[in-house]
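Computed from the coordinates by the stated procedures, all read-outs in this text should not be read as laboratory data. These figures come from a predicted structure and were not determined experimentally. We place every Cβ from the backbone using ideal geometry, glycine too, and count neighbours over all the protein chains shown.
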Amino acid sequence: MPDILLVEDKESLRRVLRLTLENAGYTVTEAADARAALSQIARAPHKLVLTDLRMPNGSGLDVLRAARAADGEVPVIVMTAFGSIEEAVQGMKDGAHDFLQKPVDSNHLLLLVERALEHARLRTENILLREEWSRRYGFPRIIGESEAIKRTVAETQRVAQTEATVLLLGESGTGKELFALAVHHLSNRRDKPFVAINCAAIPETLIENELFGHERGSFTGASERRQGKFELASEGTVFLDEIGELPLAVQGKLLRAIEEKMIDRIGGRAPVPVNVRVVSATNRDLQTAVESGEFRRDLFFRIAVFPLEIPPLRERGDDIVLLAKHFAAQLGKELRGREASLSDTALAALRAHSWPGNVRELENAIERACILTDTMVLQPADLGLMRRGGEESEALRSIDLSGTLSEVGQRALRFVERGKIVEALKNNSGNKSLTAEELGVSYKTLLSKIKDYDL
């Protein structure tokens, strides 16, 4: 995307202004009159418009209105030697960011341009903060000393320095988004936006709009142009969580965005260039999805240039203890005003538990314990890890133990999954969206399992 559209009918002044802006590091597109400017605005977006007020084939106010209609966020600076109070008032009403008096002072021009672009950047960041629910973009801290996590961290550091697409693989709750943030912060794009989107959390009818945006008037209610996540992440990183749930119809458009670095807004007449790095994540077996026709083979190879496996918590040894102590100190201070600690029996119970929900389950258990405890020394009962021998024996008797170990394992998995889904549905009064969120699966996956288990 060019930085500035410069609209000035006097060729000598236009050349001086262009050189001034280019010497300051900006890229510039020129237009000699209002008609040419309107054509440029329709052809491609710009970060800022700098226009003369009076010129042939229209006026600067026409350029201002067209620029604001195409993109309600673009700042427009109007230059004039003839400006009247009435024109200035009308320009401000139409959304002019600022006015610049001729003859143009180069230093003043660059100051206004810098301020306008900074203002636009901050406004975009505010959009991101609202949509990400005030997510903190600080450098992520990955806690652990196990060999499994050290290998993953080393691979993350290695691939972050490149522009390769990264596919994060791992069970739900292992911290895939934390590693996506690490890839971003260790890359040359660290000072640009990190934009995350959960592909499973957005209805199929809306996901294309979220990713690629739309043009004004492209559908009922589209009163203005809206940028999608790919444009909001300009020169930064897009994180596509649960990419395995992306509809096939949108997969082809994502492939084009990665291969050609071009997107099409809904209702758009021309492709929009984008420059982003794509990091994806899934807890599905995408290769199986490829074989079954649920996921495009060509897209799989594009997003999986560098697959990165995040180990489950049960394979991380004493990282469980390190993480538990970290969460106890942090959450105790946040919830109760002082750090919590863990008793020896609590640590033993933590080590014995299998943690099917991984780090997310551990953090939730510690948070619950910090709320329930009276002494700030967390016990197994606070963590919900008291052993229930009778119930476990009864559950074991419910499973058919005949056949091979693999066959028994499959039956046990189905038994536990079914029981967990029933319990979660009950806890959420049958609300499937809340149940899917609690279980850490997509809404579509939950519906499939409900049908599979005849619930």
Round to a whole angstrom and tell me the spacing of the C-alpha centers of region 1-37 and region 152-192.
-> 39 Å
Cα-projected label distance for D298 with V250, points at 7 Å along beta-carbon direction, nm = 2.0 nm
Please sort 288-297, 316-325 by packing, taking for each peptide the average over its residues of neighbouring beta carbons within 10 angstrom, highest first.
-> 316-325, 288-297
Mind giving me the nanometre distance, one decimal, between the label points for V321 and R15, set 7 Å out from Cα along Cα→Cβ?
-> 7.6 nm
Report, in degrees rounded to the nearest 10, the 0 to 90 angle that the Cα long axis of helix 34-43 makes with the longest principal axis of the chain.
-> 20 degrees
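Stokes-Einstein D for region 147-309 at 20 °C, 1.002 mPa s, Kirkwood Rh over Cα pairs, in µm²/s? Walk me through the intermediate numbers first.
On the way: Rh = 16.2 Å.
Rounded to a whole number, D works out at 133 µm²/s.
For the chain, what is the charge dipole size about the Cα centre, in debye to the nearest 20, if Lys and Arg each add +1 at the Cβ and Asp and Glu each add -1 at the Cβ? Don't skip to the answer; put the middle values down first.
Values: 61 positive and 68 negative charges, 33 e Å.
With only Lys, Arg, Asp and Glu charged at Cβ, the dipole is about 160 debye.
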Extension length gain for Q161 and E423 (0.36 nm per residue less Cα distance), in nm, is 89.9 nm
Dividing the Cα convex hull volume of region 313-383 by residue count, how many Å³ per residue is that?
-> 68 Å³
Give the angle, between 0 and 90 degrees and rounded to the nearest 10, that separates the Cα long axis of helix 319-336 from the longest principal axis of the Cα atoms of the chain.
-> 70 degrees
In nm, the gap between the two label points placed 7 Å beyond Cα toward Cβ at S106 and E145 is 5.9 nm
Compute the long axis of helix 358-372 from its Cα atoms, compare it with the longest principal axis of the Cα atoms of the chain, and write down the angle in degrees, 0 to 90, nearest 10.
-> 80 degrees
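Would you tally the net charge around D105, using a Cβ to Cβ cut-off of less than 15 Å, leaving D105 out, and scoring K and R as +1, D and E as -1? Walk me through the intermediate numbers first.
Values: positive: K102, R115; negative: D98, E114.
That works out to 0.
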Specify which residue in the list I149, H214, P103 is farthest towards the positive end of the charge dipole of the chain, using unit charges on the beta carbon of Lys, Arg (+1) and Asp, Glu (-1), about the Cα centre.
-> P103
Could you tell me which label, among (i) 149; (ii) 138; (iii) 191, carries the value of volume of the Cα convex hull per residue in Å³ calculated for this structure?
-> (iii)
